[in-house]
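In what follows, a single structure is set out as structure tokens and then discussed.
The values are calculated or read from the model by the stated rules, or taken from the named source; none is laboratory data. Everything numeric here is computed off the predicted structure, so don't read it as measured data. Neighbour counts are summed over all protein chains in view; Cβ atoms, including those assigned to glycine, are modelled from backbone coordinates with ideal geometry.
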Amino acid sequence: MSNIKWEDYEIKRAIEMIGQGKSFKEIGFDLNKSHISVMTKLNRLGYKSGYNQKERNKGKTKYKNYDWLLIQYEYDNNLSYEELLKKFKLSTHAVIWAKKENKLILRSVSEGLKMAWKRGKYKESQQEGIKRYRQLCDFKFSLNDFPDRFNFQLIKEYGWYKAKNRGDNPNGVNRDHMYSVKDGYINNIDPLIISHPANCQLITHEDNIKKKSKSVITLEELTQRMKNWN
């Protein structure tokens, strides 16, 4: 099939169809793209092969029965996150569902990022604030998926950075956030943006230390890089 390049509206359409329980093959047919192209794109966005939103949503309709207007009202009137869960007997799954459905808006990044998806289950993180945010901003993609985007010669020359107790290569290479995690936290930027491949550069550990937590690009520049990435 034709039209290899992905436009923004096509990505939104694909995600919408995933939410409807459509298969990669069905999405490809709708968008005039190959099954492989659809699978690769959606996998990179976090939608794995065999993902079926209808199946995963089975049993979750009970969350609709909560009085989310009252829950939001209580929360907005300074009920803490922990008190909210206890008072309304909310599970982590229910909160995640409510966030996705815009039924519940949490008041801060630190509270909004307490949940993590791990091994197929939602798990509450023990970290809070910028420590939790930093975890969610970790790069999760494989460099091999983008062979033309990164300076692999740097890796061949210096190898990967390893601490003394893990191989001892202090002059090795790091994956670095060009728009920094610190700035992302301060400006309440979605971790998915900070962890996007377009925000990644390869630099030596020495240069990374010199750079500290400074951003080398603006948020506007990162947004443009993301638009051009596909």
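Would you pick out the residues in segment 59-104 that are among the acidic types (D, E) and modelled with pLDDT of 80 or more?
Hits for segment 59-104 are D67, E74, E83.
Among the residues here, R175 does not qualify as under 26 Å from K41 (Cβ atoms) and modelled with pLDDT under 90.
Do you know which residues across segment 10-32 are modelled with pLDDT under 80 and in a loop (DSSP other than H, G, I, E, B)? Those that are modelled with pLDDT under 80 and in a loop (DSSP other than H, G, I, E, B): Q20, G21, K22, S23.
Whenever a residue of segment 170-193 is surrounded by 16 or more Cβ atoms within 10 Å (Cβ to Cβ), its partners that are of a type in the set (D, E, K, R), lying with C-beta atoms within less than 8 angstrom and at least six residues away or across chains, give the pairs G172/K162; D176/K211; Y179/E221; S180/K214; V181/R134; Y185/R134; I189/D183.
Based on this model, can you work out whether L192 counts as hydrophobic (A, V, I, L, M, F, W, C) and assigned to a strand (DSSP E or B)?
No; evaluated as a whole, the condition is false for this residue.
For segment 195-229, the set of residues classified as touching a Ser or Thr at 6+ places or on another chain (Cβ under 8 Å) and either at pLDDT below 90 or surrounded by fewer than 18 Cβ atoms within 10 Å (Cβ to Cβ) (or both) consists of S213, K214, listed by residue number.
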